[in-house]
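*Asks:* Starting off with a structure, shown below.
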Amino acid sequence: MPAGTHRKPPYLGFGLGLRTQHYQEILDGNPSVDWFEIISENYMVAGGRPLAVLEKIRARYPIVMHGVSLSIASTAPLDLDYLAGLKKLTARVQPEWVSDHLCWTGVHGYNLHGLLPIPYTREALEHVVPRVHKVQELLGRPLTIENVSSYVRYAHADMTEWEFLTELTRRTGCWLLFDVNNVFVGAFNHGYDPLEFIHGVPVEAVVQFHLAGHTDMGTYVVDTHDHPIRAEVWDLYAAAVERFGPVSTMIERDANIPPLAEVVAELDRARAIAANVLAGRKETKLCAAE
């Protein structure tokens, strides 16, 4: 399933992570949100209020599914029961795409409840590629893979994270969810240039941006999703739009969740930044054509 096998998903505009705290405001109003991303595991249940609310919201907005339990890079066998549940939810929701992280989440049957980084080696790549193929075969659709935030690195690596992601997309045809905040966190913690990451992955593979806040611990930063987006991340987002063009963009807020209006105001800032950058790109192209 090489890159380019599947038609690229549509551009959705500017979305938010769907959170229970905002259910009623969304149902009662008409927030300036183009689409919503759901955490897949929260809706992989037989019934209940979340599924009932989701049915109403998906009738009005496009939906994207985002998982945290696939553990695509684990050395344990793929969890076929989990994948069956994921496929069932996919059939019900009909999302624009399905995403998860380039990570492992547990070992020896224990879930560590974290998105743990992998070594960027040829051996790891040879391990992950067939697992992505298998998941895509089981789901009957391409997978979208997200870069994770990280706080440790392995002693040995054959390539950079962006080189690993590039080769993964080339060999599997998967898409990329480019988490801008995670790139900032990784660059700060490990001392690489985040612009090198932005320019290191293929434009045609990126179908989504994540934006989020983080916690600054002084000597390192933590991807906590519980603060407003920092100025440095907005700057990096502008650089990403300059590189990748219009990409479906959404904001994650998972703790200290403010009223919906406050998150929508941040989303409006993303809209404005993207509009300014894309207008500048268009003007540059027009000048070059004259």
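The values are calculated or read from the model by the stated rules, or taken from the named source; none is laboratory data. Computed from a predicted structure; not experimentally measured. Ideal geometry is used to build each Cβ from the backbone, glycine not excepted, and the neighbour counts take in all protein chains shown.
*Asks:* Do any strands (runs of 3 or more DSSP E) entirely within region 63-135 hold 3 or more residues that are of a type in the set (A, V, I, L, M) and farther than 21 Å from Leu51 by Cβ, and if so, which?
*Replies:* Working: elements: 63-66, 98-101, 104-107, 110-116.
The strands (runs of 3 or more DSSP E) meeting that bar are 110-116.
Residue by residue, here is whether (1) at pLDDT below 95; (2) of a type outside the set (Ser, Thr, Tyr); (3) surrounded by fewer than 21 Cβ atoms within 10 Å (Cβ to Cβ); (4) under 21 Å from the mean Cα position of the chain (by Cα) holds:
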| site | (1), (2), (3), (4) |
| --- | --- |
| Gly4 | yes, yes, yes, yes |
| Tyr11 | no, no, yes, yes |
| Pro50 | yes, yes, yes, no |
| His66 | no, yes, no, yes |
| Ile72 | no, yes, no, yes |
| Asp100 | no, yes, no, yes |
| Gly106 | yes, yes, yes, yes |
| His113 | yes, yes, yes, yes |
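*Asks:* Could you tell me whether any residue of region 189-201 is more than 14 Å from the chain's Cα centre (by Cα), surrounded by 18 or more Cβ atoms within 10 Å (Cβ to Cβ) and at pLDDT below 95?
*Replies:* Scanning region 189-201, I find at least one residue that is more than 14 Å from the chain's Cα centre (by Cα), surrounded by 18 or more Cβ atoms within 10 Å (Cβ to Cβ) and at pLDDT below 95, so the answer is yes.
*Asks:* Also, I was wondering about something else. For Glu146, are the conditions met, namely being surrounded by 16 or more Cβ atoms within 10 Å (Cβ to Cβ) and charged (D, E, K, R)? Even if it seems obvious, please write down each step before you answer.
*Replies:* On the way: surrounded by 16 or more Cβ atoms within 10 Å (Cβ to Cβ): yes; charged (D, E, K, R): yes.
For Glu146, the condition - surrounded by 16 or more Cβ atoms within 10 Å (Cβ to Cβ) and charged (D, E, K, R) - is met.
*Asks:* Does at least one position in region 36-45 carry a residue that is part of a loop (DSSP other than H, G, I, E, B) and loosely packed, with under 13 Cβ neighbours inside 10 Å? Even if it seems obvious, please write down each step before you answer.
*Replies:* Filtering region 36-45 down to residues part of a loop (DSSP other than H, G, I, E, B) leaves 44-45.
When the remaining residues are screened for being loosely packed, with under 13 Cβ neighbours inside 10 Å, the result is 45.
Looking through region 36-45, at least one residue is part of a loop (DSSP other than H, G, I, E, B) and loosely packed, with under 13 Cβ neighbours inside 10 Å.
*Asks:* So which residues in region 7-35 are hydrophobic (A, V, I, L, M, F, W, C) and within 16 Å of Ile257 (Cα to Cα)?
*Replies:* Here is the first cut: in region 7-35, the residues hydrophobic (A, V, I, L, M, F, W, C) are 12, 14, 16, 18, 26-27, 33, 35.
Leu16, Leu18, Ile26 - these are the residues of region 7-35 that are hydrophobic (A, V, I, L, M, F, W, C) and within 16 Å of Ile257 (Cα to Cα).
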